[in-house]
Amino acid sequence: MAAPTDRRSRARQAHIWLALFLVAVSVISLATGPTGTSLWGAVAKLLAGEPLTAMERVVLWDIRMPRLILGIIVGTALAVSGAVMQGLFRNPLADPGLVGVSAGAGLGAILAIVLGALLPVWAQDVAGNALVPIAAFMGGWLSTIILYRVSTRQGRTSVATMLLAGIAIGALTGAVSGILVYMADDRQLRDLTFWGLGSLAGATWSKVLVAGPLIGLAVIASLLLGRGLNALALGEATAAHLGIPVQRLKSASILIVAAATGAAVAVSGGIGFIGIVVPHLLRLATGPDHETLLLNAALLGATLLLGADIISRLIIAPAELPIGIVTAVLGAPVFLWILLRRRGLVDL
């Protein structure tokens, strides 16, 4: 069994390798697309002092670059949210998607898409492009609070209750979402269908500017929770004796997950399995230390989502497969493997 110092050293080395891997996948993402625009040709022009054509500027700067950045921040948000939830509930099966947080965020976004036009004009002007992310944030936050309240009793969190409550929240939000879909017009239905399958195809600089700061603040805040989540793994009483403000840690974790997941779901739609697979794979490779795990989760989550996006663009080119389908196909077998390894933990 590896010593703790060896594991921490390996985890810190993973920071470098994962960062390099993310850079490599980012370059591939920028170079991938159905048009004949070449990234390398554009770079050669810039180095030679030649101006880019209008097509090159549009494709590289207005289409591929915001898609790349949005993929990075969404992958980071989902992976870090999964790592925080697993640390909070002390269970590797916890995930914003499995326990209803993503469903709550999705309901908030659907409410904004379908009923946003009913708001007063001044409210629509004030909210602007931020209406959907704000609604998704509130939906994810409320579902997280409900989940935590239902699954926690006398300071102890029941994993079985958590999972069952997540199923109930998902079913309820699905029913309300169905009612809203029935009320939607044709344009809204197209938006909801495309959004629900998950995609980065609609990436714009406005979406990056709306979701980026919220996700960025949530991820930075999560990196400060490493020591507390490590102590929480020993139990709430032990963590309190070690000087960890347990209740404050729980509240901060819930707020971070709601903010990151809500914003990510709002701008990319339903993308599953990143939040559960990434932290678990990192625990197997580098250990459970959250002080290094959270940063590695951010790097690996961004890399895997960009990789899935590249596959979605290439597999049926020139058409595009929704990225949520790709992550489900790749992530479901890994999740089943996790369940087989952890069957004793989830027996009811």
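Numerical summary
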| quantity | calculated |
| --- | --- |
| Hey, THR204 closer than 24 Å to GLY272 by Cα, surrounded by 21 or more Cβ atoms within 10 Å (Cβ to Cβ), polar (S, T, N, Q) and in contact (Cβ under 8 Å) with a residue 40 or more places away in the chain or not | no |
| Test result for GLY178, modelled with pLDDT of 80 or more and crowded, with 18+ Cβ neighbours inside 10 Å | no |
| Flag for ILE254 being touching a His at 6+ places or on another chain (Cβ under 7 Å) and surrounded by fewer than 24 Cβ atoms within 10 Å (Cβ to Cβ) | no |
| Residues within segment 224-251 that are of a type in the set (Lys, Arg) and open to solvent by less than 20 Å² (accessible area, probe 1.4 Å), tallied | 1 |
| Any pair with Cβ under 9 angstrom, 6 or more apart, that starts in segment 1-14 at a residue that is farther than 13 Å from GLU291 by Cβ and ends at one that is modelled with pLDDT under 60 | ARG10/ALA2 |
| Pair list, Cβ under 8 Å, 6 or more apart: segment 22-37 residue more than 11 Å from VAL59 (Cα to Cα), other residue modelled with pLDDT under 90 | VAL27/LEU39; SER29/ARG64 |
| Some residue of segment 66-80 being closer than 22 Å to ALA168 by Cβ and at pLDDT 85 or above | no |
| Answer residue from segment 90-133, given it is of a type in the set (S, T, N, Q) and at pLDDT below 75 and is most open to solvent (accessible area, probe 1.4 Å) among those | ASN129 |
| Residue match in segment 148-155 (condition: at pLDDT 75 or above, open to solvent by less than 10 Å² (accessible area, probe 1.4 Å) and closer than 30 Å to LEU284 by Cβ) | yes |
| Filter result for ALA221 (part of a helix (DSSP H, G or I), over 30 Å from ILE310 (Cα atoms) and open to solvent by 10 Å² or more (accessible area, probe 1.4 Å)) | no |
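The values are calculated or read from the model by the stated rules, or taken from the named source; none is laboratory data. On a predicted model such as this, the values are computed, not experimentally measured, just so you know. Virtual Cβ from ideal backbone geometry, glycine too; neighbours counted across all protein chains shown. Quick note on the areas: whole protein, heavy atoms, side chains included, nothing else; ligands and nucleic acids left out. Shrake-Rupley method; radii C 1.70, N 1.55, O 1.52, S 1.80 Å.
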